Amino acid sequence: MAMESAPDTAAEARRRRSLKPLGTLLPYAMAYRGRIFLAFVALAVASAATLVVPVAMRRMIDFGFSADRESAINSYFLAMTGVVLILALASASRYYLVMTLGERVVADVRTAVFAHLTELSPLFFDTAKTGEVISRLTADTTQIKAAFGSSASVALRNLFLFTGAAVMMVVTSPKLSVLVLVAIPVIVLPLLAFGRSVRARSRIAQDTLADASAYAAEIVGAMRVVQAFTAERLAIGRFSSAVERAYEAAAVSTRSRSFLTAIALFLIFASVVGVLWLGAQDVVAGSMTAGALGQFVLYAVFGAGALSELGQVWSEIAQAAGAAERLGELLHERPAITAPARPVPLPEAPRGAIAFENVGFAYPAQPGRPVLTAIDLVVKPGETVAIVGPSGAGKSTLFQLLLRYYDPQVGRIVLDGVPLPSADPKRVRQRIAVVAQDPVVFAASARDNIRFGRPDASDVDIEQAARLAAADDFIRALPMGYDTMIGERGVTLSGGQRQRMAIARAILKDAPVLLLDEATSALDSESEKVVQHALEGLMTGRTTLVIAHRLATVQAADRIVVIEDGRIVEEGTHEALVAGGGLYARLARLQFRDAA
Ligand SMILES: Nc1ncnc2c1ncn2[C@@H]1O[C@H](COP(=O)(O)OP(=O)(O)OP(=O)(O)O)[C@@H](O)[C@H]1O
C-alpha cells in the first residue's frame, strides 16, 4: 500500500519485483480473450510495419536517387506511404483495444473488490483503516489499469521491436552488430544500478504524498471541530509541512531521475555515434553501402529506444504487481462470520423468540477484556424488554451479537429455536430491524433512503411507512418531496428527522424482532413525543429490545433488564426496581428526564 512507509528490506524488494501477483488478475483478463487476441494481431502488424521502414529507406538511398529511375522513386514512395498507413491504423487499433481492455478489467476488479468488502465481517472494519481500503479500491486499481492498458502493450510492442531490430541488425551487418553487442552492457549495467535507487526514491516520494492526503482527508471530515477549536493554523501548519516533505522527496526523486536521463541519453547516443563512425570507415573503404549503414543505424536506434522503454515500463509493471498483490490480499480476506455449509432454516412464520444462554464475550480487538459475562436472557415473542445501564456497560454489544456481527466466546444465542451459528447470518438479519442511536442517511433521495429497509418496496409502501413513522410531513415539505436528495451533497436532516427516517425504514422492513437504540440528545420534547408515538406503532406485535434512555420507554416495557459491567444485575418492572432501591433506582433518579 502506498501508505506504508517502512524502509525496503531485501525480502520486501524481492517480493516487489515478483510479477506473480498479477496472476490474481488473469481470470478477469481472460473474460476478454477475443479482445486480447485482436490486440496481439494489431501489435504484430504495427511492429512489422515499423521494421519495414528502414529497409525501404535503404533501397531509396542506394538505388532510388538517380534521374533515370524516376518511376522507381514514385513507387518506393507510394509503398512507403502504404506502409506508414498500415502502421498508423494498426497502432490506433492496438491503442484502442488495449486501453479499453485495461478499463474493462479494472471496472470488473473494482466491482469484485467492492462486492467482497460488503461480505466482510465488522471485525475486519474494526481493524482496517478506511482510507487504506478506499485507496486499494481506487489507487491500486488505477495502477493496474495502467499496467493492463498502456504498460503491457508498450512492453510487448518494444519486445517485438527489439527482437525484430536485433535480427535485422545482424542481417544488415554482422560486424557492426558485434560492436553493438559489446556496447550494450556498457550502457545497460550502470543504468540498471542507478535505476534501482531512483525507484526507491520515487517510492518514498509516493509514501510521503499519501501521508499528506491521509491527513487532509481526516481534517476535511472534521472541519467543524477544527473551526470550533480555532485550530486552523495548527491544521494548516501540519498539512503544509506534510506537503513540504512530499515536495522534498519528489524533488530528490526528480533530481536523480534527471541525472539518470542525462546518463542514458549520453551513453546511447555516444554509442550510436561510435557505430556510425566505424560504419563510415567501411563505407569509405567500399565494403558497405551508405544505404546499408543508414538501415543499420535506424535499427540500432529502434532497438535502443525499445530497450529503454522496456526499462521504464518494467517498473510500472512491477508497481502494478504490488498493487495486484494488495488487492489479492483484500480479495482473499475471509469474513469471520460465514454461513455454515448446510444452514438450519429458521422456522417459517417467524415468532421473534430470543434467548441469550450464558453468553460471555470479549471483542476480538481486546480479547483480554470481557464486555459481557454470563448473560442469561429470554425474550418471549412480542415482548418488549428495556435494557438500562451505565455508559459502556455492554448494552449495544448485546445488539451486535444478536445481529451476529461477532460470535460470543462462551454460551450461545438462539433465535426462533435455532442457535445463530447454525443459521445463515443473512436470514437472521432479515428477521431483525434496527433503529440505531445515530441513524445513517445515505447520499440518496428521501425515498431511496427509506427503501433501504426493503429494496423491493413500492412507492406506496414507502409513503405508508413514512406516515407511520411521522416522517411524511417533513419529507413532503422538502424542496422536492420524496425525491429530495439528502445526506452528503443534499439536504441535511436534523437528528429527529433522521431518526424518523430510520423508523420508517424499520417499519418497511417489517421484521419480527426490533432493536432500538434510543437517542436522548437528538430530540426536543415535542418531536420526542412524535417519535415515541411512531415507535409505539412499530413495537406492537414485535419482539422489541430497546436500549432505554426515556422514562416513558421503561414504563411501557414489559420488563427492564439492568446491565452493569457486562452482567445482568437487576430485572423487573419499573415500580419493582425503584422500590428495590438498587442501581436502577439510582440510574432512574439521575438519568431519566422528568423522572421526578
Ligand atoms: N468494536 C469494538 N471493538 C472493541 N471494543 C468495543 C467495540 N465496541 C464497543 N467496545 C467496548 O465494549 C464496551 C461496551 O460497549 P457498548 O457499546 O456495548 O456499551 P453501551 O452499554 O452500549 O454504552 P453506551 O450507552 O455508552 O452506548 C465498551 O467498553 C467499549 O469500549
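The values are calculated or read from the model by the stated rules, or taken from the named source; none is laboratory data. The structure displayed is predicted, hence computed values, not measured ones. Please note: Cβ atoms are built from the backbone with ideal geometry, for glycine as well, and neighbour counts cover all protein chains shown.
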Could you tell me whether the range 504-513 includes any residue that is exposed (fewer than 14 other Cβ atoms within 10 Å of the Cβ) and at pLDDT below 90?
no
Ser391: within 20 Å of Pro122 (Cα to Cα) and either out of contact with any helix residue (DSSP H, G or I) (no Cβ under 7 Å at 6 or more places or on another chain) or away from the ligand (no atom under 16 Å from the Cβ) (or both), yes or no?
no
Of all residues making up the range 372-388, the number that are surrounded by fewer than 22 Cβ atoms within 10 Å (Cβ to Cβ) and within 11 Å of the ligand (Cβ to nearest atom):
0
Anything in the range 394-451 that is of a type in the set (Asp, Glu) and either in the same structural domain as Phe356 (by TED's automatic domain parsing) or in contact with a strand residue (DSSP E or B) (Cβ under 9 Å, 6 or more places away or on another chain) (or both)? List them, or say none.
Asp407, Asp416, Asp424, Asp438
Of all residues in the range 339-356, count the ones that are touching a residue at least 40 places away in the same chain (Cβ under 8 Å), under 28 Å from Phe124 (Cβ atoms) and in a loop (DSSP other than H, G, I, E, B).
6
Answer yes or no: is there a residue in the range 571-583 that is of a type in the set (A, V, I, L, M, F, W, C), surrounded by 19 or more Cβ atoms within 10 Å (Cβ to Cβ) and modelled with pLDDT of 85 or more.
yes
Show the residue pairs meeting these rules: Cβ distance below 6 Å; 6+ apart or different chains; first residue within the range 385-409 and aliphatic (A, V, I, L, M); second residue near the ligand (Cβ under 8 Å from one of its atoms).
Ile387/Lys395; Ile387/Ile547; Ala393/Ile563
Applying the selection to the range 343-371, what residues are among the β-branched types (Val, Ile, Thr) and within 11 Å of the ligand (Cβ to nearest atom)?
Val371
Can you find even one residue in the range 518-533 that is away from the ligand (no atom under 16 Å from the Cβ), modelled with pLDDT of 85 or more and either closer than 21 Å to Ile450 by Cα or assigned to a loop (DSSP other than H, G, I, E, B) (or both)?
no
Within the range 403-412, identify whether any single residue is away from the ligand (no atom under 16 Å from the Cβ) and either in contact with a helix residue (DSSP H, G or I) (Cβ under 7 Å, 6 or more places away or on another chain) or not β-branched (Val, Ile, Thr) (or both), and answer yes or no.
yes
Can you run down the residue pairs with Cβ atoms below 7 Å, 6 or more apart or on separate chains, where the first is in the range 122-134 and farther than 20 Å from Tyr405 by Cα and polar (S, T, N, Q) and the partner is within 9 Å of the ligand (Cβ to nearest atom) and at pLDDT below 80?
none
Among the residues of the range 316-338, which ones are touching a helix residue (DSSP H, G or I) at 6+ places or on another chain (Cβ under 6 Å) and part of a loop (DSSP other than H, G, I, E, B)?
Pro335, Ala336, Ile337
